[in-house]
Each structure stands twice: as C-alpha cells, then as structure tokens.
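Enquirer: Take this structure, written in structure tokens, and hold onto it; I'll ask about it next.
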Amino acid sequence: MGRLALLLLLAFASLHQLCFAAAAADDDTILHETFDEPFEGRWIVSEKEDYKGVWKHEKSEGHDDYGLLVSEQARKYAIVKELNKPVDLKDGTTVLQFETRLQNRLECGGAYLKYLRPQEAEWKPKEFDNESPYSIMFGPDKCGSTNKVHFIVKHKNPKSGEYIEHHLKSPPSVPSDKLTHVYTAIIKPDNELRILLDDEEKKKANLLSADDFEPPLIPAKTIPDPDDKKPEDWDERAKIPDPDATKPDDWDEDAPMEIEDEDAVKPEGWLDDEPEEVDDPDATKPEDWDDEEDGEWEAPKIDNPKCETAPGCGEWKRPMKRNPAYKGKWQPPLIENPNYKGIWKPREIPNPNYFELDKPDFEPITAIGIEIWTMQDGILFDNIVITKDEEAAESIRDTTWHPKFEIEKEKQKSEDEAARSDGLAGYQKKVFDILYKVADIPFLSKYKPKILDLIEKGEKQPNITIGILVSVVVIIITILFKILFGGKKQARVENKPEVSETSNDQGSSDEKTEEMEKEEEPAAAPRRRTTRREN
C-alpha cells in the first residue's frame, strides 16, 4: 500500500511539473497566430493607395490547416497586427518564428515579416506602409540576383540620432520548392543570433560583430576626412614609360598582321568561271506575286551543283597567313617611377558618430506587419510566433510544421518521379523524330536500313535510347571520316568527267580499298564544296 502511494505521489509530482512547464511556456509565448479563425478584426489591412493586393483566409494546399494567403500576382500587400503588450528584445532570449509556403514558388518578391517598433502617437494600423519604422525585418526575399533570408536590424545611433539598417552578412538562401518552410530567429542576451531554417541551424552570428553585419552596429572609430584633398603633384603611377628608350630601326609599325601566302597553289580542278550559287531552276514565281508592290521577282539561290565535286568555284585567291614581320605599334618599356608615392588616401579623423555598446539598444516590438511586393500569388503565412522560450518554439515546430512538411515532401517526391518519367518519354520521342530525319539524309542512304533498324529497336526498348543515339552518331562520324580523309582516287575514265573519290578507308589494304570503292561507288556522297577562304 505504501509503495502504491509513493508511485501515485511521484506521478502527481510529474504531472504537476508538466503542467507548470506548460503554463510557463504559455506565459513566455507572447504570440502564436495560427490563423485557424478568419483574420479580420485581429489583423488590419492597410488602406494606403499603393496596396491593392487582396489577403484571404485560405487552406494550405493539401491540408485542412488555414493560413494568411497572398491571392493575386504583381501586387503590393500590407497588413499589420498590434500586440497586446510590447516585446522587450533586451530582456533575455527572444524567438521570432513563422511558416511560409510558396505554393507557386517565388521568382520575384518577398515573404518576410517586419517587427515594428513604437509608432508616432497619431499613427493608425490602417496607415501601415513601407515607411512604418521597424526594429527587425526577417524572412525570405528573392528577385534577380537577390536570393536570401533577410535579417535586418534597424538600430538608432545614440550620437547622431539616425536609425540605420544593419544587414546580416551571408544569410541563408530561399528554398526553391513549393513546400512549407519554417523560419526561426533566436536572439540571445549574449548578443548571439541563430537563424534556423526547417529546424536546422543555417547561420550563427554576433550582433555586434563587424564580420557579421553590414554596416556594423558599432561604427568605426575613425573615418576619412571629407575635407582632405589629394595634392596636385601626387603621383600614383607605380611604373612609367622609359623616357630614354627609342624605337629600333627595323621596327615597322605599318607592317600588316596578315599577308597573302605566296606558296599557296590553286587546287587542280578549281572552276574559276562557275559562281558558288545559282538560281534555283525548280523555283517558280508565286501566283500572287505583284511586281509593282513586291518588286521584281528573283529566284532563290542554291549551291551550284557543279561545285559539289570540285575543290571550289569562282575567282581563286591566295589564302592569308600571319605576317612574320608584324610587330604592331611600338611602345617604350616600363620602368619604376622615381616619383611614385602610392595610392592617395585622405587622412583619418575621429568619427563624430562613434559609440561603444555592450548590447544592442533594441526598441521594443509593438506590432507585426507584412509589407511586400511580389510577382507571385499563393504565398501562405502561418503559425507566426513570438516567444521567450526556445523549447516552446521547438514544440510548435514539431506539432505544426513538421507533419505538414513530411506530407508535402512525399507528395513532391511522387510528382517529381512522374514528371521525370513524362519528361524522359517526351525526350525519347524527340530523339527518334530527329533520327528518322537523319536516316533520310542522301549520303547516308546506304546505311538507312541499318539506322531504321536501330530506331525501331529503340522505340520498342526506350531504356536503350542513349545507346541507339551513340550508334547512329558513330555511323555518321565514320562516313564523314571516309569523305574527308579518303585515300585512293578513282582513275580518270575516258569520255567521262573526272570525279574525286570521297569514300576510301585510309586504314585498309589496297585490295580492301578497291573492294570498298566498287561497293560504295553507286552511293558515293558528293564532296563538300570548299570555299576560297578554306583553300
């Protein structure tokens, strides 16, 4: 009996401790906006003229969970919620956390929150805009070269009285998918800042470190004197042209870079009197052609068929080659400058706005605002949290974000696999369409049955598409090598025009070469016409 009583006592104590911890967590959680209920009345939409975007209370796609939705593209949005009591950022740890789902991704726009400091006495929430002062701005922003999770501190310089934006250096990037992500900023009393993305630390920084914020919260002790001027005789040239140097007598600045190759010889069989292009004999004047409106009709040009078996057509000119005498414009060599004084910099003077600081002098948070411009709709905000308890923030992530994220991740995985499968099928169809066209190329006619056979096998077995493509490429390359590097020329036949041999295998024996010449002669491909420039 005594043992049972002890167990009951221990159970009661544990339950009391859990309840006390839960109550403490609730006390430390200043805000947890779940958007389970419509936001009207709790959140105030800006009535400023620029903000035409419509906010909606909608479910997250695929869930029964509601959020605050950006419903239109290419709009400015502004909405604000005043807190019941200010949040003192200088008192202990503060955790800022919220979920964002970019249901249509984010190409250009923001999805960040602004944590507003106390506004002027006459300020009204319906007047919230981009000029409303804030203490911290936190969240994703992406457009063009910008892709970052902002963490910006707006801090007052006690000397100048000016509020300055201090940006976190090297912040995390914005996820590029359509999943729900949770962003967490933990501000510690020892000036440590931790940025978490999806419950994983992505950045750790010190709020007062010049290595972590630009510009640093604590300004430099000295600054360049704005009134200091560079002396007129200050020479910043480390090297100068040698004044004693003279151009060599044999240096010809007028020699051209290229000259004609005097050793070049016009190839045998060059057709000087044949143009490279001729009128298409099969072309006909369109019936609706009007000479008065369209001008005199001219047949389109085609490659001169006589040039296909010749080394070239038209006036032959010697090719150009690099001129060995070319040296270009002469420049005197550089020497050390005896008057060099280095790069001039203005002198440093004490910074009148310098101050020292042990901790950031944050102003309290009195409201949360979302003020963004975005080209995408479908941005959903949910579970906006401000708490003094890191464990409470973690518990909210575990119970609200994590289950949704796992469901969305599995769904995205299935969709990606299906898309890859569809994309591969489309890719294969395009490949086979191209291969059918390749098979119709005249100089491949001898190999057409083999190519068609390969294509048909590929269509029946899509997994070997790459192998089929490689095989066809090998066939084409083999034929091109024969055309470009053919060995033995055909003997000239009496009373017949001379035709250059275009399909010899240079690595074969004489007997094999002659056999292949006879075999391929009926389907010999025309030699590619060579331009004057190439010769």
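The values are calculated or read from the model by the stated rules, or taken from the named source; none is laboratory data. What you see is a predicted model; the values in this text were computed from it and never measured. Methodologically, a virtual Cβ is constructed for each residue, glycine included, from the backbone with ideal geometry; neighbour enumeration extends over all protein chains shown. Ligands, DNA and RNA are excluded from the accessible area calculation, which covers all protein heavy atoms including side chains. Shrake-Rupley method; radii C 1.70, N 1.55, O 1.52, S 1.80 Å.
Enquirer: Scan the stretch 326-340 and give yes if some residue there is open to solvent by 90 Å² or more (accessible area, probe 1.4 Å) and closer than 30 Å to Ile223 by Cα, otherwise no.
Expert: yes
Enquirer: Let me ask another. Out of curiosity, is Ile349 open to solvent by less than 90 Å² (accessible area, probe 1.4 Å) and closer than 30 Å to Ala210 by Cα?
Expert: Spelling it out, Ile349 is indeed open to solvent by less than 90 Å² (accessible area, probe 1.4 Å) and closer than 30 Å to Ala210 by Cα.
Enquirer: Find the residue count for the stretch 311-325, including only residues that are farther than 19 Å from Pro281 by Cβ, of a type in the set (A, V, I, L, M, F, W, C) and surrounded by 13 or more Cβ atoms within 10 Å (Cβ to Cβ).
Expert: Qualifying residue count, the stretch 311-325: 2.
Enquirer: Please return the ranges of strands (runs of 3 or more DSSP E) entirely within the stretch 341-421 where 2 or more residues are β-branched (Val, Ile, Thr).
Expert: Where strands (runs of 3 or more DSSP E) fall fully within the stretch 341-421 and carry at least 2 residues being β-branched (Val, Ile, Thr), they are 365-374, 379-387.
Enquirer: Cβ-Cβ below 6 Å, separation at least six or inter-chain, first residue in the stretch 75-95 and over 24 Å from Ile195 (Cα atoms), second β-branched (Val, Ile, Thr) and buried (at least 21 other Cβ atoms within 10 Å of the Cβ): which pairs?
Expert: From residues that are over 24 Å from Ile195 (Cα atoms), the pairs are Tyr77/Val70; Tyr77/Ile372; Ile79/Ile370.
Enquirer: Against the conditions (1) under 30 Å from Lys404 (Cβ atoms); (2) exposed (fewer than 15 other Cβ atoms within 10 Å of the Cβ); (3) out of contact with any Lys or Arg (no Cβ under 9 Å at 6 or more places or on another chain), where does Pro226 fall short? Just the number, please.
Expert: Failed condition: (1).
Enquirer: Consider Val70 against the criteria (1) touching a Gly at 6+ places or on another chain (Cβ under 7 Å); (2) surrounded by fewer than 19 Cβ atoms within 10 Å (Cβ to Cβ): it satisfies all of them except one. Which criterion is unmet?
Expert: Failed condition: (2).
Enquirer: Gly269 fails exactly one of the following numbered conditions: (1) at negative phi; (2) more than 45 Å from the chain's Cα centre (by Cα); (3) surrounded by 10 or more Cβ atoms within 10 Å (Cβ to Cβ). What is the number of that condition?
Expert: (1)
Enquirer: List pairs: first residue in the stretch 26-47 and closer than 15 Å to Ile384 by Cα, second residue open to solvent by 60 Å² or more (accessible area, probe 1.4 Å) anywhere in the structure, Cβ distance under 7 angstrom, at least six positions apart or on different chains.
Expert: Close Cβ pairs (under 7 Å, with a partner that is open to solvent by 60 Å² or more (accessible area, probe 1.4 Å)) amount to Phe35/Tyr66; Asp36/Tyr66.
Enquirer: While we're on this one: Can we say Pro226 is touching a Gly at 6+ places or on another chain (Cβ under 7 Å) and not in a strand (DSSP E or B)?
Expert: no
Enquirer: While we're on this one: Among Ile396, Ile370, Ile379, Ile434, which is modelled with pLDDT of 95 or more and either closer than 30 Å to Leu217 by Cα or open to solvent by 30 Å² or more (accessible area, probe 1.4 Å) (or both)?
Expert: Sole residue among the options that is modelled with pLDDT of 95 or more and either closer than 30 Å to Leu217 by Cα or open to solvent by 30 Å² or more (accessible area, probe 1.4 Å) (or both): Ile370.
Enquirer: Pull up the stretch 148-165, narrow it to residues that are open to solvent by 60 Å² or more (accessible area, probe 1.4 Å) and over 23 Å from Gln119 (Cβ atoms), then point me to the one that is farthest from the chain's Cα centre (by Cα).
Expert: Only one residue fits best here, namely Lys159.
Enquirer: Return the pairs, sorted by first residue and then second, in which the second residue is open to solvent by 60 Å² or more (accessible area, probe 1.4 Å) and not in a loop (DSSP other than H, G, I, E, B), the first residue lies in the stretch 160-173 and is farther than 10 Å from Asp212 by Cα and of a type in the set (D, E, K, R), the beta carbons are less than 8 Å apart, and the residues are 6+ apart or on different chains.
Expert: The qualifying pairs are Glu162/Lys156.
Enquirer: Another one. Among the residues of the stretch 107-124, are any assigned to a loop (DSSP other than H, G, I, E, B), open to solvent by less than 10 Å² (accessible area, probe 1.4 Å) and not small (Gly, Ala, Ser)?
Expert: no
Enquirer: Turning to a different aspect of this structure: Name the pairs: first residue in the stretch 221-235 and in contact (Cβ under 8 Å) with a residue 12 or more places away in the chain, second residue surrounded by 12 or more Cβ atoms within 10 Å (Cβ to Cβ) and of a type in the set (A, V, I, L, M), Cβ to Cβ under 9 Å, at least 6 apart or on different chains?
Expert: Cβ pairs passing all conditions: Thr222/Ile349; Ile223/Ile349; Pro224/Ile349; Asp225/Ile349; Pro226/Ile349; Asp228/Ile349.
Enquirer: Further question: Determine the pairs where a residue that is touching a residue at least 60 places away in the same chain (Cβ under 8 Å), located within the stretch 201-220, has a partner that is among the β-branched types (Val, Ile, Thr) and open to solvent by 30 Å² or more (accessible area, probe 1.4 Å) with Cβ atoms under 9 Å apart, the partner being 6 or more residues away or on another chain.
Expert: Note: pairs meeting the criteria are Leu208/Ile218; Leu217/Ile164; Pro219/Ile164.
Enquirer: Kindly indicate which of Ile302, Ile349, Ile335 is within 30 Å of Pro241 (Cα to Cα) and hydrophobic (A, V, I, L, M, F, W, C).
Expert: Ile335
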